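Down below is the structure, laid out as structure tokens.
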Amino acid sequence: MDNFIVSARKYRPITFDSVVGQLHITNTLKNAIKNNQLAQAFLFCGPRGVGKTTCARILAKTINCTQITTHHEACGVCESCASIQHGNSFNFHELDAASNNSVDDIRNLTDQVRIPPQGGKYKVYIIDEVHMLSQSAFNAFLKTLEEPPSYAIFILATTEKHKILPTILSRCQIFDFNRIKVDDMANHLQSIASTENINFDADGLHLIAQKADGGLRDALSMFDQIVSFSNREVTYQAVINNLNLLDYDYFFKVTTALLDANLASALLLFDEILNHGFEGNTFTSGLCEHFRNLLVCKDTATIQLLEVSENIKQRYQEQAHKASISFLISGLNIGNQCEINLKQSKNQRLQIELMLIKLSHLPSALNLSNNPNVVQLAEQVKKKPENLIPALSHTHIEPANTTYEATKLTNEIKEHNPIALAYKSQKKTTNQAIEPSASLLKKVALPANSLIPDLNNFKNSNFVTKTNEPQYLTGNQNNEFDESDLLTTWKAYIALMKQKNKMSLAALMESNYPILLPNFEIQVLINNTLQENELKAEKIDLVNYLRNQLKNFSINVTSIINSTNTSKKPYTSKDKYNYFVEKNPAINDLKNMFSLTFD
């Protein structure tokens, strides 16, 4: 029985043209060989399984080939090519930095570099996973990397370029390998399956390529596994069963049920998915991906972004005609919010079922937004928002109350459905009877993220005033009061500040009681500008409180810094000493007795 060789080794590329999905790398290397412009150090970086080490071996074999082809590829038959392919070449050295990461290992490598090639033109050193070298090993490698012998070429390979020292990066030509595209990977799998006489279908190979996430080695490993599992029949269902993937068919069925507002069918399909052992977040992310693919199919220019087989692509196009863009965008928003909530929820199934409930009501809600009666009512709201509150237009209201009503209405517009709000407002404030259609009465509740009329003009209309800045209370009352009444109210406000935990302000007001001046002017003596700023920040609330409690809307509060309180505070050691000597002269005698100093 022959030894089995895995596909990743058996079909490993041996020429630049056979490398999959890295045309920008292979063309550059071939041109460098053609023009004899080879660098002394290369850095190949990129994800796993994209051909970094493979390209390094092909480069090493090509530059030492004695019979290089006209396409600048290695011949594969000369003595140099054969020795490298069999792993017994003295001009080709491959070092695993994960297990040889010390200074001693780099010193041994440096000693080998001093020996010129016995046959061939170059000695090539491939250091794989170079980011695993220690800091000391990197430093020991710097000089050799910067000024190697003319016959030495270093090829470094890594999956984590950010871990490599900048001094190493500056000495290398850097080649960034891309993730291999799904179509390129699927085509490569087809060629291998054809060579091995394995029956396959394109849908199954596309699934393998998508699951591999850009790594060809992962795709080949999964391919070997499925060939063994299905007895050389790589079908779509075999891939689904072996890789434990959610079938596309489930998402097509769930979407159809949601478009038909068939909530029961959607919930039963989700329960079936859970019974097959799939996690809820797998279903949610898959449904969002399905909506994204449908949205991509809405425009012929973006269909190329769909990385699926032709059969599946046809099904996506058919279902995309049935789903509106509004439904897909709203569905993506709801699904994305559900994914966020799943991370914090203890009952993940309930979160997903709530998502399905919302999605099943989306079609009816979107149809409501296109209802002629609703559109006509929304236009009235948009063009004449003042009709919503005629009482404000014909009744004199104090400015403070007007602000309150406007703020309340603005908050309702933000938090509730604008069409239902418009209907309720007109019904309460006018004698005109509005007769909405039966569909409007049944479907007045729209989702928060559904399509609604533009409310910019409504929000910025004249009767809605800005309420971000506090305002002084105004009125016609000017009751008389004396200093005793003022002091009582002042102390009550101090108690209120203590309840609100504004202890600094309360202490300021306790230490600086007010002075009543003519024309109801209240003056507060303070000690510094810091206190002045703190009082200014509270001034409007304080004045409004005094006006309301004393029933006098002419009250005003001003502050003035006490000019008599400008004595210098002791800060230095000498200042403090002089200050205490003034209080108690005996301290000076104590200092002289023990020969004390200020420090």
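A few comments on the model shown:
- Entirely in the range 82-169, the strands (runs of 3 or more DSSP E) that have 1 or more residues that are modelled with pLDDT of 85 or more and touching a His at 6+ places or on another chain (Cβ under 9 Å): 123-128, 152-158
- Count of the range 283-303 residues, restricted to those that are touching a helix residue (DSSP H, G or I) at 6+ places or on another chain (Cβ under 9 Å) and surrounded by fewer than 15 Cβ atoms within 10 Å (Cβ to Cβ), is 2.
- Sole residue being under 30 Å from A82 (Cα atoms) and free of Cβ contacts under 8 Å to residues at least 24 places away in the same chain, chosen from I127, I115: I115
- Given (1) over 22 Å from K52 (Cα atoms); (2) in contact (Cβ under 8 Å) with a residue 24 or more places away in the chain; (3) touching a strand residue (DSSP E or B) at 6+ places or on another chain (Cβ under 9 Å), number of the condition S194 does not satisfy: (2)
- Residue check: G214 meets all listed conditions (1) among the small types (G, A, S); (2) surrounded by 21 or more Cβ atoms within 10 Å (Cβ to Cβ); (3) free of Cβ contacts under 8 Å to residues at least 60 places away in the same chain but one, namely (3).
- Qualifying residue in the range 198-215 (condition: outside any loop (DSSP other than H, G, I, E, B), closer than 20 Å to T53 by Cβ and β-branched (V, I, T)): no
- Any hit, the range 11-33, residues being of a type in the set (S, T, Y) and outside any helix (DSSP H, G or I): yes
- Tabulated pairs, the range 74-94, first over 12 Å from I63 (Cα atoms), second in a helix (DSSP H, G or I), C-beta under 6 angstrom, 6+ apart or interchain: S89/S83
- Among the residues of the range 468-508, the ones that are under 19 Å from S559 (Cβ atoms) and either acidic (D, E) or under 48 Å from the mean Cα position of the chain (by Cα) (or both) come to 12 in all.
- For the range 309-335, taking the residues that are in a loop (DSSP other than H, G, I, E, B) and touching a helix residue (DSSP H, G or I) at 6+ places or on another chain (Cβ under 6 Å), the one that is modelled with the highest pLDDT is identified as A323.
- Cβ-Cβ contacts under 6 Å between residues 6 or more apart (or on different chains), taken from a first residue in the range 310-334 that is under 19 Å from F283 (Cα atoms) to a second residue that is of a type in the set (K, R), are listed as I334/K358.
- Qualifying residue in the range 112-119 (condition: buried (at least 19 other Cβ atoms within 10 Å of the Cβ) and either β-branched (V, I, T) or not assigned by TED's automatic domain parsing to the domain that holds T26 (or both)): no
- First in the range 173-191 and in contact (Cβ under 8 Å) with a residue 24 or more places away in the chain and among the small types (G, A, S), second anywhere and surrounded by fewer than 22 Cβ atoms within 10 Å (Cβ to Cβ) and in a helix (DSSP H, G or I), Cβ under 8 Å, 6 or more apart: A186/A202
- Near pairs, Cβ below 9 angstrom, 6+ apart or cross-chain, from the range 492-516 (among the hydroxyl-bearing types (S, T, Y)) to any residue that is part of a loop (DSSP other than H, G, I, E, B): S511/N527
The values are calculated or read from the model by the stated rules, or taken from the named source; none is laboratory data. What you are looking at is a predicted structure, and each value in this text was computed from that prediction instead of being measured. Neighbour counts are summed over all protein chains in view; Cβ atoms, including those assigned to glycine, are modelled from backbone coordinates with ideal geometry.
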